[in-house]
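A.B. asks: Got a structure for you, written out below as C-alpha cells; questions coming shortly.
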Amino acid sequence: MKVKLPNPLVAIVWCAFLLPDRLAGGRLDLPLAALAAIAGGASLWTMPSAWETREPAYRAALLAVALQLLWVISFLFALAFKGAQSGPLDWLDLPRWTILGVFLVHLIRQHGPAVREAAESAMAVAAYGSWLIFDSPRERFAAAALTLCYMILFSRSRLRLAHAAAALAALATAGFKPLVAIAPDVERLVRLSPVIGWGPARYELASATSPQYLHWLARGGALGACLIAAGLALVVRRLLRGEDDIRRRTAVAAFLSLAALLLLTGPLLDGYRFFFVLAFMAAAVHEPRGDRA
C-alpha cells in the first residue's frame, strides 16, 4: 500500500503565516528558510514537473542563480574594499537567493487546491490573532491590509466577509502609520557602492524605515535592483496575462498596487517569512476563477 504524504508546501504556508515573531527570540527567519529549502529541494528531486510549469520554473531558477552570484560578488567586494562589518549571521544569509529560488520553483510546480485552501485558512487565523503572531507593527499592518484585499476580491469562502472584518479590525489596531521615510544612512550606502551594492553585509547604521526599493539598491546595487525589477515584471505579467474579465484584471491590479505601496513603508521582504506570505497570496490570486472551490 502506497502512503501519499501531504504537499510540504502546506506546512510552510502555516509556518509562514502563523509562527509568532517572539518564538526563538524573534529569530524564526532562518529555520523557516531551512524548512523551505529542505522541503522544496526534496520535492524538486523526487516529483516530476508538469509541462506547463517548466518555463516559469526555469525563469525563476535562472533569475535566482543570477541574483545569488551578484549577492556573493557584492558581499566579497564589501569585505575586501569597503571594510564592511560582518558576522556569522551575514554568512548564514549568504545563500538567500538560492533558498528563495528553490522555494519559488517549488511553489510554481506544486501549488494546487490543497495549498490554496491552507493559505486561505492560515490568512483567516492570522487575521483573527494578528496581535499574537506579528510583533512588528509594520508587518501586522501589511499582513492585515493584504489579507483584507484578498478576502474581499479573491476568496470564495462562505466566511470571507467575517474574515475581511477581522482583517479590518487588525488593520485598525496595528498601531503603525504607513509613512515613507528615507534614512540618510541608507542613502549613504547607495552612494558608496551604487553598482553592485553591499550584499548581505551587516551595518551599524542600516535603517529599517526606508523603502524596500532603497534597501534593494543598497544591498544589490543598480545591477541587483534591475534583476529584481525584471523578476517582479515577470510576476506582474504572469498575474495579469490571460485575464479577460475586466473586473478580475482590475482586482489583480489593485492587489499588486497595494503590495507595491506597502513596500514603500519599509524593508518587508528582507525577512523570509513575509516574502513567503506574499508569494502564497500571489499564487492564490493567479489561480483561475474556474479552479476555485
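A.B. asks: Rounded to a whole number of µm²/s, how large is the Stokes-Einstein D of the stretch 67-201 at 10 °C and 1.306 mPa s, given Rh as the Kirkwood radius over C-alpha pairs? Provide the component values of the computation, followed by the final result.
C.D. replies: Numbers: Rh = 18.0 Å.
The Stokes-Einstein estimate is 88 µm²/s.
A.B. asks: Thr250 to Leu19: FRET efficiency via 1/(1 + (r/R0)^6), r the Cβ-Cβ distance, R0 45 Å, to the nearest 0.05?
C.D. replies: Numbers: r = 34 Å, r/R0 = 0.75.
Computed FRET efficiency for Thr250 and Leu19 comes out at 0.85.
A.B. asks: Another one. Wrap a convex hull around the Cα atoms of the stretch 1-156, take a quarter of its surface area, and give that in square nanometres.
C.D. replies: Working: hull surface 49.2 nm².
The orientation-averaged projected area of the Cα hull of the stretch 1-156 comes to 12.3 nm².
A.B. asks: Another question, then. Compute the relative contact order of the chain as a whole-number percentage, counting only Cα pairs closer than 8 Å that sit 6 or more residues apart in sequence.
C.D. replies: Working: 364 pairs, mean separation 71.6, N = 293.
Worked out over the chain, it gives 24 percent.
A.B. asks: Right, something else. 222 nm [θ] for the chain, helices only, -39500 (n - 2.57) per DSSP H run of 4+, per residue, to 500?
C.D. replies: Values: 13 runs with 197 residues, N = 293.
Counting only the DSSP helices, I get -22000 deg cm²/dmol.
A.B. asks: Expressed in nm², what is the orientationally averaged projection area of the convex hull enclosing the Cα positions of the stretch 139-287? Intermediate results must be reported in sequence, preceding the final value.
C.D. replies: Working: hull surface 37.9 nm².
In nm², the orientation-averaged hull projection of the stretch 139-287 is 9.5.
A.B. asks: Further question on the same structure: Using a simple charge model, +1 on the beta-carbon of Lys and Arg, -1 on the beta-carbon of Asp and Glu, nothing else, what dipole does the chain show about its Cα centre, in debye to the nearest 20?
C.D. replies: Numbers: 29 positive and 19 negative charges, 100 e Å.
It comes to approximately 480 debye.
A.B. asks: Something else: I need the per residue convex hull volume for the chain, using only the alpha carbons, in cubic angstrom as a whole number.
C.D. replies: Given the Cα convex hull of the chain, per-residue volume reads 143 Å³.
Bear in mind that the values in this text are calculations on the coordinates, not laboratory data. Since the structure is predicted, the reported quantities are computational estimates derived from the model, not experimental observations. With ideal geometry, Cβ positions are generated from the backbone for all residues, glycine too; neighbour counts draw on all protein chains shown.
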